[in-house]
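Colleague: This is the structure, below, for whatever I ask next.
Bear in mind that the values in this text are calculations on the coordinates, not laboratory data. Keep in mind the model is a prediction, meaning the values are calculated, not measured. Here the Cβ positions follow ideal geometry from the backbone for every residue, glycine too, while neighbour counts run over all protein chains shown.
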Amino acid sequence: MPHASNIVYPDGPDAPHAFDIVPLKPRNGTLDAMCPVCHGHGEWNVEIDLVSFRCKRAICDRCSGAGWVETGDDPVGFPDIELAPNGQPHWVTNYIPREDVDEEDLGGGNLLAP
């Protein structure tokens with residue numbers, strides 16, 4: 001039997017209902033400030049049913065889902081996949097000196113050309 005629903009599609013982090021039932025991420029001590037895009041949530045709703053609160057979420061590109069960003073001269077961490085010595089892929093965090101990262105590229109994790 002179908003249930004009642006009221007599905008909305010927030011079109012970004014500034015839309016109404018974008019952060020409904022999305023908790024703030026805790027600061028782990030290595031990052032300086034709340035992300036200016038997701039305001040510390042790390043993700044937001046791209047689809048949410050206001051009756052059952054089922055939702056689909058998008059990860060923030062600016063902070064890679066951490067909810068916090070580095071603002072000083074500390075190295076910037078980028079998630080990446082590398083091959084282990086046995087040939088299996090695994091997730092790693094590569095730290096790049098701040099001066100080698102362009103501000104507009106922080107969201108995509110892209111580095112400046114060498």
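Colleague: Listed highest first by mean packing, meaning other Cβ atoms within 10 Å per residue, what order do 58-66, 3-11, 24-32, 80-88 come in?
Modeller: Details: 58-66: 18.3, 3-11: 11.2, 24-32: 12.9, 80-88: 7.8.
My ranking of the peptides, most packed first, is 58-66, 24-32, 3-11, 80-88.
Colleague: Let me ask something additional. Under 5 Å between amide hydrogens, which residues at least 5 positions from GLU47 or on another chain qualify, with H placed 1.01 Å from N in the peptide plane?
Modeller: Amide H to amide H, under 5 Å and 5 or more residues apart or across chains, GLU47 pairs with LYS56.
Colleague: Sticking with this structure for a sec: So for VAL37, VAL46, fewest C-beta neighbours within 10 Å to most, what's the order?
Modeller: If I rank by nearby Cβ atoms, fewest first, I get VAL46, VAL37.
Colleague: Could you calculate the contour length gain from ASP74 to LEU50, that is, 0.36 nm times the residue separation minus the distance between their Cα atoms, to one decimal place in nm?
Modeller: Result for the pair: 4.6 nm of gain on full extension.
Colleague: So which cysteines in the chain don't have a second cysteine's C-beta under 4.7 Å from them?
Modeller: CYS55, each lacking another Cys Cβ under 4.7 Å.
Colleague: Another one. Can you tell me, using C-alpha contacts under 8 Å and at least 6 residues apart, the relative contact order of the chain as a whole percent? Write out the running numbers ahead of the final one.
Modeller: Numbers: 201 pairs, mean separation 24.0, N = 114.
Rounded, it is 21 percent for the chain.
Colleague: Taking the range 1-108, which chymotrypsin sites (Phe, Trp or Tyr not before Pro) meet the DSSP loop condition and have no more than 16 other C-beta atoms within 10 Å?
Modeller: For chymotrypsin sites (Phe, Trp or Tyr not before Pro) across the range 1-108 that sit outside H, G, I, E and B with at most 16 neighbouring Cβ atoms in 10 Å, the list reads PHE53.
Colleague: In nm, to one decimal, how far is the modelled label at VAL92 from the one at SER5, with both set 7 Å along Cα→Cβ?
Modeller: 4.2 nm
Colleague: With volume of the Cα convex hull per residue in Å³ as the read-out, I listed (i) 90; (ii) 152; (iii) 228; which label goes with the value calculated from this structure?
Modeller: Read-out from the structure maps to (ii).
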